[in-house]
Amino acid sequence: MGRRIVKAGLAAGAALMLAGCGGGSDPAAVAGTGGAGGEAGQGDGDGGASRTASLAQPGSLTVAFCQTLESDGGGQSYQVILRSYAAKDGAFVGEHAIAMRHDAEPAAVCEGDGPSTNTAFNKDLTLVAALVNGDRAAAFDLTTGQEVGAPDPDAFTKRPDNGGVAFHPVTGRLWYDMGRVDSDATGAVASRDPKGGLKTEENTPFEKVPDLLKKDGPTAETVLATDDIHAVAVPAGGIVATYSTDNGVRLNKVGPGSGGIGAGVYLTEIAPTGLDEDNREMCVPSFWRNATTLVCEFKQLTFSADYKKLLKTEDLIPENDRINSQPVLSPDGKSFAFLSKGEDGRRSLFRGDFSGGAPVKITTVDAPVADEDNLRTTLIRWN
């Protein structure tokens, strides 16, 4: 089922000229941080302090940029920049920027489809999850560009291929699938301490995956991300909202599985009255406010406690023709933030409240590079 669910990834975008193929470049050299400079003091006029500041400071909003660079040989490489801004007034908090190794692709921050960008970074925004050579789960330091917890390059070992990788947003462990088509796979999914490496790996067999999906929301979302599924789960787990291009947002419950491979096979679609084949909401699920209230882009859907009926649908912002990104939830659950582009072509951060009213502009977020055709920009988190 995992491959049949459209993976509505929340991609990001950024960066500058590739400073060589290896990681390890000075972020200042990689990402001329002065960039186009937004309204809130973006840039590096602080003597480099912005590149050492914590991006996950409480009350800050973090935007990811990813620039895709084409090589002469036809391959691609990626540059990733994270910038944080104060949610209160848009003040620039800090920046991390790296050039990814030529053989590494970030998980869900550079392509249009894939799991949520929330699971592409660890909780303190110092590491990014990636696949090396398309089949090995890895984590890279967002200040040095170096892989952390890398395997011994001289070891004689054989490991299952990994097709998906994600950070657990609470525990910080790196999760990945253990070979969807590999008969040598030792489990359905595995996790490890990203810096501790393979010696800290713990495997979960196929029959235990439903238990993970029912454990809690963050765990369910992380495990489904290893199957490249963008999903948002209720806080207690067990009920998951996904999206397909044909049917829009769909509700799923965790079941015994329908055969096949990947965590997605344990999801069974349910069709509440009001959200079925005759009543579709063509929006990508963003987050659950509680066990029965789902925010789906800029619609709020309220379900009955047994999920058999859609009780109410509300618009969160006025109707408009702007280009708006997926919203993220504030830590106190009372507000949300999002990126929006108007007629002038510039993106800005806006804050909205569930109590109603028009969104309020926080600050303009200009691209750090001029080549916006190959740049993806995403608001990933309200810290």
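Rule-based calculations on the coordinates, nothing more; no lab input. What you see is a predicted model, and the numbers here were worked out from it, not measured in a lab. Here Cβ is always computed from backbone atoms with ideal geometry, including for glycine, and neighbour counts include all displayed protein chains.
The table below gives the values:
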{"quantity": "Share of alpha-carbon pairs per 5 Å distance bin for segment 289-383, given as whole %", "calculated": "2, 12, 21, 23, 16, 12, 7, 4, 2, 1"}
{"quantity": "Cα-Cα P(r), segment 202-259, percent of pairs per 10 Å interval", "calculated": "24, 56, 19, 1"}
{"quantity": "Estimated D of segment 149-283 in µm² per second, where Rh is the Kirkwood radius over Cα pairs and Stokes-Einstein applies at 37 °C, 0.692 mPa s", "calculated": "208 µm²/s"}
{"quantity": "Whole-number D in µm² s⁻¹ for segment 27-382, Kirkwood Cα-pair radius fed into Stokes-Einstein, 4 °C, 1.567 mPa s", "calculated": "61 µm²/s"}
{"quantity": "Reachable lysines, given that their alpha-carbon falls under 29 Å from the alpha-carbon of Lys208 and they are not under 8 places away in the same chain", "calculated": "Lys7, Lys123, Lys158, Lys195, Lys199, Lys253, Lys308"}
{"quantity": "Size of electric dipole in segment 27-382: Cβ of Lys, Arg +1 and of Asp, Glu -1, about Cα centre, debye, nearest 20", "calculated": "1100 debye"}
{"quantity": "More than 18 angstrom apart: percent of Cα pairs within segment 60-109", "calculated": "40 percent"}
{"quantity": "Amide proton proximity set for Ala231, modelled H, under 5 Å, gap of 5+", "calculated": "Ser116"}
{"quantity": "Integer Hz, Karplus 6.51/-1.76/1.60 couplings in order for segment 148-155, x for Gly and Pro", "calculated": "10, x, 5, x, 5, x, 9, 6"}
{"quantity": "Kirkwood Rh and Cα Rg combined as Rg/Rh, segment 69-168", "calculated": "1.01"}
